[in-house]
Amino acid sequence: MKKPWWFAVAALFAVFTAIPSQAAVVDKVVAVVNNRIIMLSELNQEIKEVVVAPEAEVNVREVLDAMIDRILLDQQAAARKISVSDEEVRAIVKSQQEARNLDEEAIAEELKKQNITEELFYRQWKYQIISRRLLDLVTQGSIAVTDEEIEEYHREHYEEEGSAYGRQTKIAHILINKETENALSKAEEVLELAKSGEPFAELARKYSMDESSAQSGGLLGYFVKGDLVPEIENAVEQTEVNGIAGPVESSRGYHIVKVLERTEEGETSVSRYRGRIRHQLYMEKVERFITSWLEDLKKNSYIEVKI
């Protein structure tokens, strides 16, 4: 299970000794972020939540800086009317659990080990989802990976330059979670829209519940025989290039699948790894873009730290 952002932050903390025990503390303002005030009591609560082990050392300023970043993102999301319901959060979490074959007992045990409440778990997931949707919106149309960049990366990082693979198929999908009300009917409705000529990528961004691929138009990349679950692989094998299959039922829900491209047997490994390399380069560019964007956001915001 992918750990929330604050797991990494927790590892960086140094001993928090500057603030007295709660009984002796008079609440005060520790920071102002535009029109949002952060109180000392909020900071103390944040520290309690991000510190996994009682004996862990914490750095107060790093906790506060992380809070400021989160508040800035929250403000930007609110300005763009980006939100997610509690029901949607739970549906997304359940989908991710099923994709990783994690049952409720395994999740509960992990939360117990990390001393994390279920409330905090879902609150952090909600923040992650909203942040991702905001950053997807901010980066949309601003980042591109060229074929030349992919080929150069392949030459530098892969040794199998001349090796060949069997036939590969490039696909995209739209996922409707089983927990969705009238899930099959919804999937059939989206399938009809796709077959009627609606742009598949736009439908994926609008309807797909697969958070990892929706904003890239449902793109899953290249696959060879044996890579996909049998239900989807059988549907893909029977579908021509540019054809659409579905709804295909799997343990995750109902899939509408589009076959985008097929390569012939014997093509070099650059085609085998193209999707993976494109994703790697794209994420590197996204990270640089977001770092720069966040720095600009801070420069153009009113931020005052009082500790």
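Each reported figure results from applying straightforward, stated rules to the coordinates on display, with no laboratory input. Every value quoted in this text rests on a predicted model; they were computed, and no experiment measured them. Don't worry about glycine lacking a Cβ; one is built from the backbone with ideal geometry, like all the others, and counts go over all protein chains shown.
Applying the Karplus relation 6.51 cos²θ - 1.76 cosθ + 1.60 with θ = phi - 60° to region 31-46 yields 3J(HN,Hα) values of 6, 10, 10, 6, 9, 10, 9, 9, 8, 4, 4, 5, 5, 4, 5, 4 Hz, where x marks Gly and Pro.
Counting neighbouring beta carbons within 10 Å and listing from fewest to most, the residues HIS255, HIS157, HIS279, HIS173 come out as HIS157, HIS279, HIS173, HIS255. What FRET efficiency comes out for GLU148 versus GLU287 if R0 is 30 angstrom and r is the Cβ-Cβ distance? Round to the nearest 0.05. It comes out at approximately 0.90. Partners of LYS178 within straight-line reach, counting lysines whose Cα lies under 16 Å from its Cα and excluding those fewer than 8 residues away in the same chain: LYS94, LYS186.
Which FRET efficiency, nearest 0.05, do GLU295 and GLN238 yield, Cβ-Cβ r, R0 51 Å?
Efficiency, rounded to the nearest 0.05: 0.55.
Cross-linked pairs LYS48/LYS113; LYS206/LYS258; LYS81/LYS299; LYS170/LYS195: Cα-Cα separations exceed 20 Å for LYS81/LYS299. Exposure proxy for SER95, SER142, SER185: other Cβ atoms within 10 Å of each Cβ, ordered fewest to most, give SER142, SER185, SER95. Ordering ASP27, ASP65 by the number of other Cβ atoms within 10 Å of each residue's own Cβ, fewest first, gives ASP27, ASP65. Close amide H partners of GLY221, meaning residues 5 or more places away or on another chain with modelled amide H under 5 Å apart, are ILE171.
Excluding same-chain neighbours fewer than eight residues apart, the aspartates and glutamates reachable from LYS28 by a Cα-Cα span under 19 Å are GLU42, GLU46, GLU62, ASP65, GLU304.
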